[in-house]
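Read the structure below first, then the notes.
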Amino acid sequence: MTDSAARPSNVRWRILAILIFVSFVSYLLRGNLSIAGPAMVEDLQLTEIQWGWIMAAFPLGYALFQFPGGYWGDRKGPRFTMAVITLAWGVLIAVTSLTPARDVAPVYLVIGFLLTIQFLVGVSHAPVFPIVVSAIERWFPPGGWALPNGLTSAGLTVGLAVTASALPWLIDQYGWRIGFLVLAPPAIIAGALWWWYSRDNPADHHAVNAAEVALIQSPAGQSSSAEGFEPAWRRVLKNRDALFVMLSYSSMNFVFYVVFSWGYYYMVTVRGMGAQEAGFLTSAQWLAGAAGAFSGGWLGDRLCHTMGVRWGCRMPIVIGCSVSALLLIGVAVHPNAYVAAFMLGACFFFNQFTEGAFAANGAAIGGRHAGTVYGLFNTGANMMGFVNALVLSAIAAALGWKIAMATGAAFALLSVVFILFSRADMQIDQAD
């Protein structure tokens, strides 16, 4: 046997590169409605309340179809399901550009059209990260899941940063309809590339050698007897470890939404920064998040190899959420606006530092049902966006922004508590 045949081939890293591109495209397209909002409101003669209804349609579809989407991805396989949803992204953003103008349609038809399309956009985007986690579980060895998932998280933050800078220029030059059409082809390309090169089973790929198959082979997990058999989705919902990680991930995402939904508003309205400098600092936060996702994923895999999966999947979350809590307290009490903005960006670094580890928990607990498990995680996490919008605004109005930021710190510490009750080394029953 030659040395090259004895060494594992590197197809898994090419698969990961495509998954990073898919993640990039996902957020490239997801950010379009919020960026195009002012132009669309003016062009379609909508009120802020009407626009709020339209903006709410995406997160509703996105949250509701996380768990079903993850289960579907596990049942049908990542290759088919990822190709389908990426194609849907391209079609739906192109269809959005066909929104009827107010001079040819009454307002209720315009709103109904956009509500329907945005809900479907949310539905089509919902399975992407459960499917990514499922694909990585199949293509990477146990203890090697955190870095690949961290890199896909970094890809999505870069995608949002590109949208935030490129789409305003497109809208200014050509209008929002053309801007949306320009964003459609990357989704088609991503889906076609994934379908062409990926396989559900690494052993089925023509370029994978036996050494790579042996390297990435996951444990078979526990077998199931026919008596008392339950479908996978029910086993996931009843699994205590999956539920504790879901609670931890949801608490961490409260902090995510502190930065994502309120960071720019806080810097401009509360700290008194100019819109342009606040926008620059917001972009810097997303870049910090990408760096955090990479760093946390790298550390998570190192710790899984040195400490085992149980603690290796916990420690980046313990570190990231603990430091996030301290930084949010600093944001709340420091008198200097620029120091507070720096700490908010550092908070987002450590918030995203946990992403790879959470995904690795999903892969370790779920095994071949990793997409279903991560779909459960993401359902709770995205419902936290609704909770954050209601709770943080109410606390800020009643008690002030110092207490609101401290509330975010409390949720970060809750994430640490919940993750310590979970065990990633206890895989669920692997029967189909």
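The values are calculated or read from the model by the stated rules, or taken from the named source; none is laboratory data. Treat the numbers as computed from the prediction; the structure is a model and nothing was measured. Backbone-built Cβ (ideal geometry, glycine too); neighbour counts: all protein chains shown. For the accessible areas, the whole protein counts, side chains as well, though only heavy atoms, and no ligand, DNA or RNA atoms are used. Shrake-Rupley method; radii C 1.70, N 1.55, O 1.52, S 1.80 Å.
Computed over segment 293-337, the Cα gyration tensor eigenvalues convert (square root of 5λ each) into semi-axes of 29, 10, 5 Å, ordered from largest to smallest.
In the assembled protein chains, H305 presents an accessible area of approximately 130 Å² (probe radius 1.4 Å). As a size descriptor, the averaged projected area of the C-alpha convex hull of segment 149-302 was calculated at 14.6 nm².
Computed with every protein chain present, the accessible area of F180 is close to 0 Å² [probe 1.4 Å]. Dimensions of the chain along the principal axes, based on C-alpha atoms and rounded to the nearest Å, stand at 67, 50, 47, largest first. Sequence-distant contacts, meaning Cα pairs under 8 Å at least 6 residues apart, place the relative contact order of segment 48-161 at 41 percent.
Taking one quarter of the surface of the convex hull spanned by the alpha-carbon atoms of segment 107-180 gives a direction-averaged projected area of 6.5 nm².
P(r) tail, segment 367-432: Cα-Cα pairs separated by more than 20 Å, 47% of all pairs.
Taking Cα atoms only, the orientation of helix 48-64 departs from the longest principal axis of the chain by about 10 degrees.
The fraction of all Cα pairs in segment 242-310 landing in successive 10 Å bins from 0 to the largest distance is 18, 33, 30, 15, 5, given as whole percents. For the chain, the relative contact order works out to 26 percent when only alpha carbon pairs closer than 8 Å and six or more residues apart are counted. Estimated from helical segments only, the mean residue ellipticity of the chain at 222 nm is -26500 deg cm²/dmol, where each DSSP H run of four or more residues counts as -39500 (n - 2.57). To the nearest ten degrees, helix 370-399 and the longest principal axis of the Cα atoms of the chain are 30 degrees apart. Volume per residue for segment 25-111 equals 103 cubic angstrom (convex hull of Cα atoms). Peptide packing: for 78-91, 185-198, the average count of neighbouring Cβ atoms within 10 Å per residue gives the ranking 78-91, 185-198, highest mean first. For segment 1-160, with equal point scatterers placed on the C-alpha atoms only and solvent neglected, what are the log10 I(q)/I(0) values from the Debye formula at q = 0.08, 0.10, 0.18, 0.20 1/Å, to two decimals? Relative scattering, expressed as log10 I(q)/I(0), comes to -0.30, -0.44, -1.07, -1.23. Which residues does a label at L237 reach in segment 36-80, if reach means a backbone N under 11 Å from a point 7 Å past the Cα toward the Cβ? From segment 36-80, the list is 68.
From most to least packed by mean Cβ count within 10 Å, the peptides 164-177, 335-348 give 335-348, 164-177.
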